[in-house]
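Structure first, commentary second.
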There are 2 protein chains.
Amino acid sequence: MNFQQLRAVREAVRCGYNLTEVAQALHTSQPGISRQIRELEDELGVALFARAGKRLTGLTEPGRELLPVVERMLLDAHNLRRLADDHLHGETGTLSVAATHSQARYALPTAVRDFRATHPQVRLHLHQGSAQQVAQMLLDGSADIGIASRALDEHADLVAMPCYRWTHCVVVPPDHALIDGELTLARLAAYPLVTYDQGFTGRGSIDDAFARAGLAMQIVLSAMDADVIKTYVELGLGVGVVASIAFDEQRDAPLRALDARQLFPINTTLVGMRRGAVLRRYAYRFVETFAPHLTPAIVRPLQMAAGGGAVPAPL
Amino acid sequence: MNFQQLRAVREAVRCGYNLTEVAQALHTSQPGISRQIRELEDELGVALFARAGKRLTGLTEPGRELLPVVERMLLDAHNLRRLADDHLHGETGTLSVAATHSQARYALPTAVRDFRATHPQVRLHLHQGSAQQVAQMLLDGSADIGIASRALDEHADLVAMPCYRWTHCVVVPPDHALIDGELTLARLAAYPLVTYDQGFTGRGSIDDAFARAGLAMQIVLSAMDADVIKTYVELGLGVGVVASIAFDEQRDAPLRALDARQLFPINTTLVGMRRGAVLRRYAYRFVETFAPHLTPAIVRPLQMAAGGGAVPAPL
DNA sequence: TATCCTTACGGAATTCGTAAGCATG
DNA sequence: CATGCTTACGAATTCCGTAAGGATA
């Protein structure tokens, strides 16, 4: 048994059981991969992969059972290097943060600024994507820390911790009729709306609110980020619904924001990381900078916990 | 990084940093071990072992931090083989149970009989030793399951689950004065006692009871097991104090047992296993046979839950 | 027929043990 | 001076990529 074999197995699953693709991903030859897998199967005495003729089609039942252990071993190998790097390079290195647009644009900047000030030697990589993409980047190791409002707590191999809560607000041109009087979903429903795409920045909670009130909304335009939304509201296309953090009185002077925290469900922004993955020391500092209650002492045990069970009662 | 290197590191710690001894343990040459360790250190970039001149004297701080991960990786390698064996050999294989004398002699026999009946293909190895030895056998992998009253819950790398509770009883010849009237510690203290050695079968709780009552006991003879104790009580050497399960009315006809459950603290027998170690399917069946409330569904999650010490704290 | 996996083979790199060297208690 | 680790070196093994072969959608 060696790590090359384990890597081949993991990558084979990731690549949809296409060994040619695995070979490319691992920068080696395809027959090599074929051998690695066969050798491991021979050593263990069980077939890990189901085959249709010569082609691999999926995992066998033993394969499904062994795969998590294989992945943990490779993760631990990575952890070993990370821990060593921490001692070798101290507060120097890189940190990959994946975030949704809203977080990257409105929530992260101050944390990034403060972190840069205290950790000038750390090169920050900021990746942007949908919540699902953020989760995927954590899972495949291309991001250390993920920040999004959802999706991060829907995978057993990720640990999600709440950072802060937020709600949406309504943005309108300064002379809009909605500014006067109480804001209600019913009044809102009367106007064409401009808001987030399905699956972005709490769009779900907007839909939920209208659905629960039995109201239909007319979305005239949807976009992935608040900047685009606000631009179209300025053009008079409709009423905007964006995350409160996305509105700044000075920067967005041509518009007015209306408090809408009673109208829509509260959203929670989560910070997520791969369960069991050791991160560089400064990564935990970054989390703390972003969400001061998430200290390393809080985060580490949560991240390593396997998900507990009840203590059995003796007779 | 390869498993040979990891094994060398683990064994070096186990062998007290004597590489010559490590080489023997791993059936290889000493320069080989020396190289394995140095190569791993070179690859990681940090020294794992502290050295005085050429000799290894202990772990460095990085070494202490990395060691748990190294051990988990090797344990996972072992787990992989175990899981594969389960699919290869089904209900066939060996099972090593380590137990204290009391457990092996009085508590285990019916469980062993029942298990043998349902799993005729499993070769049982029953090891005997002190509670500390049982714990050690679990830790170094020479036993799968440990059964003892203490010591199993004192190590972060072991998981201990309560099986059943028991107390001591007093055994005397059939004409003894203690048979009449209420049994008290004070009356007991008046007689020479025959009981377990220090560290065996709840000897601690006997000492505690007398100490708390402010009474001195005169132990005329102590032994490691109840059979020896009962023999000397038969010879009239003194009054015996043994575990209740160790007395059988018919088998021990020449003696009388007096209920002493109010006199001494209750003891709990524990079943222990290595944290995170995957066992063969039938091993969990054995535990269930011995303690019916400890079903595989209860035991597995408990065993895999993260314990202390597995992961180093940051900062 | 194009894709994908296996087998065969030869060169290269790695691994490992023996023997000798050196520091230390 | 005995113990314990390192260095040096040559043999054996393992590893890996190229090339050819065969099965399947």
- Query: Quick one: helix A:108-118 against the long Cα principal axis of chain A, what's the angle to the nearest 10°, folded into 0 to 90?
  - Reply: 60 degrees
- Task: For the range B:168-259, give the share of DSSP beta bridges that are antiparallel, in percent and rounded to the nearest 5; count only bridges with both residues there.
- Result: 55 percent
- Spelling it out for B:CYS169: with amide H atoms placed in the peptide plane at 1.01 Å from N, the residues 5 or more places away or on another chain with amide H under 5 Å from its amide H are B:VAL242, B:ALA243, B:SER244
- Between copies, how close do the B:PRO109 label points come, placed 7 Å along Cα→Cβ, listed in nm from shortest? 8.0
- Message: At 7 Å along Cα-to-Cβ for each site, give me the label-to-label distance between A:ASP114 and B:ASP114 in nm.
- Response: 5.9 nm
- Item | Debye intensity ratio in log₁₀ form over the Cα atoms of chain A, taken at each q of 0.09, 0.10, 0.14 Å⁻¹ | -0.62, -0.73, -1.07
- Message: Given an 8 Å cut-off on Cα distances and at least 6 residues of separation, report the relative contact order of the range B:3-84 as a percent.
- Response: 27 percent
- Message: Restricting to DSSP loop positions (anything but H, G, I, E, B) with no more than 13 other Cβ atoms inside 10 Å of their own Cβ, which trypsin sites (Lys or Arg not before Pro) remain in the range A:18-95?
- Response: A:LYS54
- Query: Cβ under 12 Å from A:LEU48's Cβ, A:LEU48 left aside: what net charge do those residues give with Lys, Arg +1 and Asp, Glu -1?
  - Reply: -2
- Expressed in nanometres to one decimal, the distance between label points 7 Å along Cα→Cβ at B:ASN18 and B:ARG38 is 2.2 nm
- Distance cut-off 17 Å, percentage of C-alpha pairs in the range B:3-84 lying past it: 43 percent
- Report the GluC sites (Glu not before Pro) located in the range A:1-95 that are in a DSSP loop and have at most 15 other Cβ atoms inside 10 Å of their Cβ, or state none. A:GLU91
- Query: Using 7 Å Cα-to-Cβ label points, what is the B:ASP140/A:MET1 separation (nm, one decimal)?
  - Reply: 2.1 nm
- Enter the angle in degrees (range 0 to 90, nearest 10) between the Cα long axis of helix A:3-14 and the first principal axis of the Cα atoms of chain A, meaning the one along which they spread out most. 40 degrees
- Query: Between A:GLN262 and B:ALA213, what FRET efficiency comes out of the Förster formula 1/(1 + (r/R0)^6) with R0 = 60 Å and r the beta carbon distance, rounded to 0.05?
  - Reply: 0.35
- ³J(HN,Hα), Karplus 6.51/-1.76/1.60, whole Hz, each residue of the range A:258-274, x for Gly, Pro: 10, 4, 10, 5, 7, 7, 10, x, 6, 9, 10, 8, 10, 9, x, 8, 5
- Between the alpha-carbon centers of the range B:91-170 and the range B:1-53, tell me the distance in whole angstrom. 33 Å
- Item | Label point 7 Å beyond Cα along the C-beta direction, distances from B:GLY16 to other copies (nm, shortest first) | 5.9
- Put a point 7 Å out from Cα along the line to Cβ at B:ASP208; what are the distances to that point in the other copies, in nm, shortest first? 5.0
- Extension gain from A:ASP157 to A:ALA25, taking 0.36 nm per residue of separation minus the Cα-Cα distance: 45.3 nm
- Message: Could you work out how much longer the chain between B:HIS127 and B:ARG55 gets when fully extended? Use 0.36 nm per residue separation minus the Cα distance between them, nm to one decimal.
- Response: 22.3 nm
- What number, in percent, do you get for the relative contact order of chain A if the mean sequence gap of Cα pairs under 8 Å and at least 6 apart is divided by its residue count? 19 percent
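Let's test the formula: R0 of 25 Å, r as the Cβ-Cβ distance of A:THR184 and A:ALA253. What FRET efficiency results, to the nearest 0.05?
0.45
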- Note on the structure: Spelling it out for B:LEU124: with amide H atoms placed in the peptide plane at 1.01 Å from N, the residues 5 or more places away or on another chain with amide H under 5 Å from its amide H are B:LEU95
- To the nearest 20 debye, the range A:173-294 has a Cα-centred charge dipole, built from +1 on Lys and Arg Cβ and -1 on Asp and Glu Cβ, of 800 debye
- Query: Which percent of Cα-Cα pairs in the protein assembly as shown sits in each 10 Å bin, short to long?
  - Reply: 3, 13, 17, 18, 16, 13, 10, 6, 3, 1, 0
- Hull volume in cubic angstrom per residue (convex hull over the Cα atoms of the range B:84-128): 60 Å³
- Message: If you scale each eigenvalue of the Cα gyration tensor by 5 and take the root, what three semi-axes come out for the range A:83-197, rounded to whole angstrom and sorted largest first?
- Response: 38, 18, 11
- Nearest-ten-degree value, helix B:30-44 long axis tilted from longest Cα axis of chain B: 70 degrees
- Message: If each DSSP helix of 4+ residues adds -39,500 (n - 2.57) and the sum is divided by the residues in chain B, what number results at 222 nm, nearest 500 deg cm²/dmol?
- Response: -12500 deg cm²/dmol
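Since every read-out is calculated from the coordinates, none of them should be taken as a lab result. Predicted, not measured: the structure shown is a model, and the values here were computed from it. Here Cβ is always computed from backbone atoms with ideal geometry, including for glycine, and neighbour counts include all displayed protein chains.
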